[in-house]
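This report refers to the structure that appears directly beneath it.
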Amino acid sequence: MKTSQTTFNDKFHLLNRFNKQNFNEDEDYSQLHTTLRNNQIPVPELFLLGGSENSAQFAADEKVGFVYAYFINSNVDVLHKSIKAYKQRYPEGRVIVGVASVVTENESDRVLVEEGRTNYALHFKDGRKITVNTKQQLETFTEQSRETFEVETKKIEVLEGSALEVKRQLQQLNIEGLIDEFMLHIPVQNHHLRMKTVKQLAPTNQVLNEKEGII
């Protein structure tokens with residue numbers, strides 16, 4: 001007899017309670033406390049990454065920030081419905097939209113963008129879905145996994161063009177003014193093109209810190 005699996009929402013809700021330390025005295029984990037917290041280290045701000053209206057509503061109910069993964073689900077209608085649903089339930093919450101963006105100036109740049117436009121969605125029999133970004137990641141996962149799954153090749157939407165053109169596209173996504181911040185996902189491996197994109201799209205035109213894996 002199979003035991004029921006804990007859902008992602010249940011796990012996130014528990015994580016959120018741990019972060020806020022709001023267990024009642026008669027509940028499990030009520031005696032569990034972090035070593036440094038009381039007025040020494042502020043409570044970390046949690047964000048939920050999602051790409052649907054349901055995930056936005058869940059983030060609002062949990063009173064955490066919401067990151068809409070536009071680089072995975074580039075449906076503009078779903079984007080706006082999700083943000084509205086979130087703001088209606090949690091007006092003071094922060095909305096960040098993760099967008100695939102690259103500043104391109106020539107055909108060589110555009111070829112690199114096209115190479116990075118492909119994602120691979122792995123669909124498992126139990127309904128789970130995992131997305132990997134490169135063919136190498138797909139091959140590695142296939143070699144290491146003992147499970148069977150179906151592979152769906154997907155093309156993601158990338159905002160590209162000059163820095164001015166990309167900024168105009170970002171402004172168009174935020175036409176209703178409900179997005180607090182954009183998070184750039186740069187789907188190319190070329191370091192020069194990645195740094196050029198960051199420098200030209202950064203609000204101050206300065207990159208203060210470079211750390212592999214963040215950009």
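The values are calculated or read from the model by the stated rules, or taken from the named source; none is laboratory data. Because the structure is a prediction, the values reported are computed rather than measured. Don't worry about glycine lacking a Cβ; one is built from the backbone with ideal geometry, like all the others, and counts go over all protein chains shown.
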(request) Evaluate the range 9-25: report whether one residue or more is surrounded by 10 or more Cβ atoms within 10 Å (Cβ to Cβ), within 17 Å of the chain's Cα centre (by Cα) and modelled with pLDDT of 75 or more. (result) yes
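Yes/no per residue for (1) aliphatic (A, V, I, L, M); (2) more than 30 Å from Phe18 (Cα to Cα):
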{"position": "Gly51", "(1), (2)": "no, no"}
{"position": "Tyr68", "(1), (2)": "no, no"}
{"position": "Ile72", "(1), (2)": "yes, no"}
{"position": "Tyr90", "(1), (2)": "no, no"}
{"position": "Val113", "(1), (2)": "yes, yes"}
{"position": "Ala121", "(1), (2)": "yes, yes"}
{"position": "Lys125", "(1), (2)": "no, yes"}
{"position": "Lys129", "(1), (2)": "no, no"}
{"position": "Lys135", "(1), (2)": "no, yes"}
(request) Quickly run through the range 64-86 and pick out the residues that are out of contact with any helix residue (DSSP H, G or I) (no Cβ under 8 Å at 6 or more places or on another chain) and either assigned to a loop (DSSP other than H, G, I, E, B) or charged (D, E, K, R) (or both). (result) Phe71, Ile72, Ser74, Asn75, Asp77, Lys84
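Quick one: would you say Val78 is β-branched (Val, Ile, Thr) and buried (at least 17 other Cβ atoms within 10 Å of the Cβ)?
No: the conditions fail for Val78.
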(message) Just checking, does the range 104-125 include any residue being in contact (Cβ under 8 Å) with a residue 60 or more places away in the chain, under 28 Å from Leu46 (Cβ atoms), within 18 Å of the chain's Cα centre (by Cα) and surrounded by 16 or more Cβ atoms within 10 Å (Cβ to Cβ)?
(response) no
(request) Could you list all residues from the range 183-196 that are crowded, with 19+ Cβ neighbours inside 10 Å and assigned to a loop (DSSP other than H, G, I, E, B)? (result) Ile186, Pro187, Val188
(message) Are there strands (runs of 3 or more DSSP E) fully within the range 126-182 with at least 1 residues that are modelled with pLDDT of 90 or more and touching a helix residue (DSSP H, G or I) at 6+ places or on another chain (Cβ under 8 Å)? List them.
(response) 149-155, 159-161
